[in-house]
Amino acid sequence: MSTSKYKGSEPSLGCDMGQVDEGSFIRSYYADGFTAGDTASKMFLHEQRRRLPAFKHRMELLYAVEKYLAVVVVGEPGSGKSTQVPQFLYEAGWAAGGKVIVCTQPRRVAAAMLAHRVAEEMDVALGTTVGYSVRFSDVSSAENTRIKYMTDGTLMHECLADPMLSKYSVVVVDEAQDRSLDTDTLLALLKKIMKKRKGDFRVIISSASLDAERFRGYFETNDNTLAQPEHNTATILSISGRIFPVDIHYLTASCENYLVAATETATKIHISEGPGDILIFLPGKNEIEQAISTLNDQIDSSNNLDSLLPLAMYAGISAEKQKLVFDPPERGIRKAIFSTNVAETAVTIDGVVYVVDSGLVKRRIFDTDTNIDRLATLTISKSSAKQRAGRSGRTRPGKTYRLYTREAYLSSLFPEHEIPEICRVSLVPMVLMLKALGVSNLVRFDYLQPPPPELLSQALELLAELGAIDSGTGELTPKLGLHLAELPLSPELGVCLLNSVRTFDCAKEAISAVSMLAAGGDPFFVPGGQRSEALEDKRDFMVQEGDVLTFVNTHLAYLETPARMRVKWCNAHFLSHRMLDQSARIHRQLEAMLARMGYHNRIRSSCGRDYKSLQKCIASGLFANAARLDPSDGRRYRLIKNGLVVDIHPSSIFFAADCKPNYVVFAQVMETTKVYIRGISAVDPAWLSEIAPHYYSAKQSNT
DNA sequence: TGAGATTGC
């Protein structure tokens, strides 16, 4: 790199290499297309397996699992731990007697890909000896599957039906360093199970970073009736990875505008460095679109940037655009992929040799003073920065350009780790799960890391308001509370759903409403060039009662469209097929769950044109999210619970309406550029006190 | 009046 802005490089950094490492195998699986029956490829796979670093530690691992109840495996990326550890356990007999070895992942795709890979290595059909089970797709057999990949959320929910996880002999919790709320909750449950199952159960915690001692200490117990020969119950095992060096470059002085710096760095890499794609980490979609448009202008006005191709990558991007990101570029073309942190862990893009890191991320922060989520742009942690850098060295030595100084990086501005979710998100799902499993004292519960008390009390308060927790005993209410723990929904939406079959007889519409809100709401997209056409189309679906009924209308129209026509239909109406497809899957799952809960003869009930019962049903779950039009202003609202002034989100049908309803309930409130409410439904204030007298008699004085 | 990070049951 010729630029003088950067200096020095750091000693090489642990990062991915693997020809067969976990992350990139989906590509080898699909692209190379070698099949399990092919002798040459079988030998190739076998040979690859033996070359993995994990293979050298096979005996050591099996010895540790024999001797200790909990083993923390520290394996660098590319070590093969996620594919090999379950196979070693299987070969050593841990699946004997019909027991199952389960390996959990934080993300669905990872679970599916790993199962594909391991089935291939073991030369079995997927869904037989090796399978996986994630939301919406169970490719496993209750009789035959011995190695099962799952998401940690799925396994956690299995505890409701089988609290001792009695089918399983070993649970491998992979990627534990992610510290998602589900992972932390699952680890706490596994510790309880480990103590109760007296020696016939093992937990393996697999983590990439240096949190090993925390995990080991957590699983260590002094109960010497549990451990085999010694008094230890937990140990640590390290597996080295395969490492390509990554050169890290820092700015010599902090930059004023990171977007300008990002595009400049990309063009300089393009002009002065060898082949390889560039991955640029930016905090959000807006920043990405802005950087790409700047870069496109530069490409248009310059002769030597012809072969640079800017692309965008973020979670909500269309399948079409996503394909461009993953497909290899044409010969002689270099991709410059501007991405959010999806590319940090969730997806792997092959061919990346250069990384440009803005050092920023957008993250949701829950403000316990106002009970409002804020989407804030924050400095990443040092472990995130290392993870991002590692993305440049997956296939050969790489280079990473950090758009901040080395001094800044080493300072406390960049924290060592991300704050784990248990300390910063709503704890409602965890509280429901623990209560459902009979944990009565949540404050004194044995967590891996105790959550802040404000978050715990906020969750308990909300659940009590909704009637899921008995405020006298503090236990889950027998029917509502337990059902809410089972449903894959926020408790507010869960209450809407259950009330639709219990009281309001509008299940058909309510399932649609809840599925749409659970899938993220707003299915309408408004492309820059075709604003008026898109808004015109949206008007056809609009219902004046509000966004939620508009979503229901759209969802029902989608379901009535024949499956093979749906993509086309969505494109023609400026609707997100991804979102509507997701809500249709949720819809099917919720119908099935209601039937299993004994409401099978109520799930077809429909309110038809009687929108009032549907609106009341929505309000019955969202009553605490109520707002009143500010009469002095006529376009902003005040939250009834705390008087906070909020704005209508521009995606709402009420945003541009001349006459706005006096009272509304909403599905979400979040502070971005302003405090916005979205997923809005008009209500009659009399319904609120009718539906939730306990809530509104107490709060009356505030309004 | 003017807009969005990400994952999961």
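Tabulated results
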{"quantity": "Candidate set: the range A:69-114, residues that are touching a helix residue (DSSP H, G or I) at 6+ places or on another chain (Cβ under 7 Å) and within 16 Å of DNA strand B (Cβ to nearest atom); chosen: the one farthest from A:Val134 (Cα to Cα)", "calculated": "A:Ser82"}
{"quantity": "Candidates A:Ile292, A:Ile278, A:Ile317, A:Ile271, filtered to the one that is within 16 Å of DNA strand B (Cβ to nearest atom), touching a Ser or Thr at 6+ places or on another chain (Cβ under 9 Å) and either more than 21 Å from A:Arg394 (Cβ to Cβ) or open to solvent by less than 10 Å² (accessible area, probe 1.4 Å) (or both)", "calculated": "A:Ile292"}
{"quantity": "Test: residue in the range A:501-522 that is open to solvent by less than 30 Å² (accessible area, probe 1.4 Å), of a type outside the set (D, E, K, R), more than 16 Å from A:Ile586 (Cα to Cα) and within 16 Å of DNA strand B (Cβ to nearest atom)", "calculated": "no"}
{"quantity": "Condition broken by A:Leu305, with the remaining ones in (1) open to solvent by 20 Å² or more (accessible area, probe 1.4 Å); (2) more than 14 Å from DNA strand B (Cβ to nearest atom) satisfied", "calculated": "(1)"}
{"quantity": "Residue within the range A:365-383 that is of a type outside the set (Asp, Glu), under 22 Å from A:Ala312 (Cα atoms), assigned to a loop (DSSP other than H, G, I, E, B) and away from DNA strand B (no atom under 16 Å from the Cβ) present", "calculated": "no"}
{"quantity": "Residue in the range A:156-202 that is modelled with the lowest pLDDT, counting only those that are under 15 Å from A:Lys81 (Cβ atoms) and among the hydrophobic types (A, V, I, L, M, F, W, C)", "calculated": "A:Ala176"}
{"quantity": "Lone unmet requirement of (1) over 20 Å from A:Tyr258 (Cα atoms); (2) assigned to a strand (DSSP E or B); (3) within 18 Å of the chain's Cα centre (by Cα) for A:Lys362", "calculated": "(1)"}
{"quantity": "Filter result (assigned to a loop (DSSP other than H, G, I, E, B) and either on the phi > 0 side of the Ramachandran plot or open to solvent by 30 Å² or more (accessible area, probe 1.4 Å) (or both)) within the range A:584-610", "calculated": "A:His600, A:Asn601, A:Arg602, A:Arg604, A:Ser606, A:Gly608, A:Arg609, A:Asp610"}
{"quantity": "Flag for A:Leu460 being within 12 Å of DNA strand B (Cβ to nearest atom) and crowded, with 16+ Cβ neighbours inside 10 Å", "calculated": "no"}
{"quantity": "Hits in the range A:523-550 - residues which are within 21 Å of A:Ala667 (Cα to Cα), within 12 Å of DNA strand B (Cβ to nearest atom) and open to solvent by less than 30 Å² (accessible area, probe 1.4 Å)", "calculated": "A:Pro523, A:Phe524, A:Lys538, A:Asp547"}
{"quantity": "Matching residues in the range A:384-430 - criterion: being away from DNA strand B (no atom under 16 Å from the Cβ), touching a residue at least 40 places away in the same chain (Cβ under 8 Å) and surrounded by fewer than 21 Cβ atoms within 10 Å (Cβ to Cβ)", "calculated": "A:Lys386, A:Thr395, A:Arg396, A:Pro397, A:Thr405, A:Arg406, A:Ala408, A:Tyr409, A:Phe414"}
{"quantity": "Unique residue being surrounded by fewer than 20 Cβ atoms within 10 Å (Cβ to Cβ) and part of a strand (DSSP E or B) when the list is A:Ala312, A:Ala336", "calculated": "A:Ala312"}
{"quantity": "Test: A:Ile603 is in contact (Cβ under 8 Å) with a residue 40 or more places away in the chain and touching a Ser or Thr at 6+ places or on another chain (Cβ under 6 Å)", "calculated": "no"}
{"quantity": "Single condition A:Glu461 does not satisfy, out of (1) at pLDDT 90 or above; (2) among the charged types (D, E, K, R); (3) over 19 Å from A:Ala624 (Cβ atoms); (4) not assigned by TED's automatic domain parsing to the domain that holds A:Gly274", "calculated": "(3)"}
{"quantity": "Within the range A:637-652, tally of residues that are away from DNA strand B (no atom under 11 Å from the Cβ), under 22 Å from A:Gly520 (Cα atoms) and in a loop (DSSP other than H, G, I, E, B)", "calculated": "0"}
{"quantity": "Every residue from the range A:340-355 that is more than 12 Å from DNA strand B (Cβ to nearest atom) and outside any loop (DSSP other than H, G, I, E, B)", "calculated": "A:Val352, A:Val353, A:Tyr354, A:Val355"}
{"quantity": "Residue that is nearest to DNA strand B (Cβ to nearest atom), among those in the range A:653-672 that are polar (S, T, N, Q) and not in a strand (DSSP E or B)", "calculated": "A:Thr672"}
{"quantity": "Those residues of the range A:163-177 which are open to solvent by 10 Å² or more (accessible area, probe 1.4 Å) and either in a loop (DSSP other than H, G, I, E, B) or closer than 16 Å to A:Met194 by Cα (or both), in sequence order", "calculated": "A:Pro163, A:Met164, A:Ser166, A:Lys167, A:Glu175"}
{"quantity": "Helices (runs of 4 or more DSSP H) lying entirely in the range A:421-525 (those with 3 or more residues that are more than 20 Å from A:His694 (Cα to Cα))", "calculated": "A:428-436, A:453-465, A:480-486, A:507-518"}
{"quantity": "Strands (runs of 3 or more DSSP E) contained entirely in the range A:98-162, each with at least 2 residues that are touching a residue at least 24 places away in the same chain (Cβ under 8 Å)", "calculated": "A:100-105, A:137-139, A:147-151"}
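Residue by residue, here is whether (1) surrounded by fewer than 20 Cβ atoms within 10 Å (Cβ to Cβ); (2) in contact (Cβ under 8 Å) with a residue 60 or more places away in the chain; (3) over 24 Å from A:Gln530 (Cβ atoms) holds:
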residue	(1), (2), (3)
A:Asn625	no, yes, yes
A:Arg635	yes, no, yes
A:Leu644	yes, yes, yes
A:Ser652	no, yes, no
A:Glu671	yes, yes, yes
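Rundown of residues vs (1) closer than 19 Å to A:Lys616 by Cα; (2) in the same structural domain as A:Glu461 (by TED's automatic domain parsing); (3) more than 29 Å from the chain's Cα centre (by Cα), yes/no style:
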residue	(1), (2), (3)
A:Thr503	yes, no, yes
A:Ala513	yes, no, no
A:Glu533	no, no, yes
A:Lys568	no, no, no
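The values are calculated or read from the model by the stated rules, or taken from the named source; none is laboratory data. Given the structure is predicted, the values throughout are model-derived calculations rather than measurements. Here Cβ is always computed from backbone atoms with ideal geometry, including for glycine, and neighbour counts include all displayed protein chains. Just the protein is used for accessible areas: all its heavy atoms, side chains included, with ligands, DNA and RNA removed. Shrake-Rupley method; radii C 1.70, N 1.55, O 1.52, S 1.80 Å.
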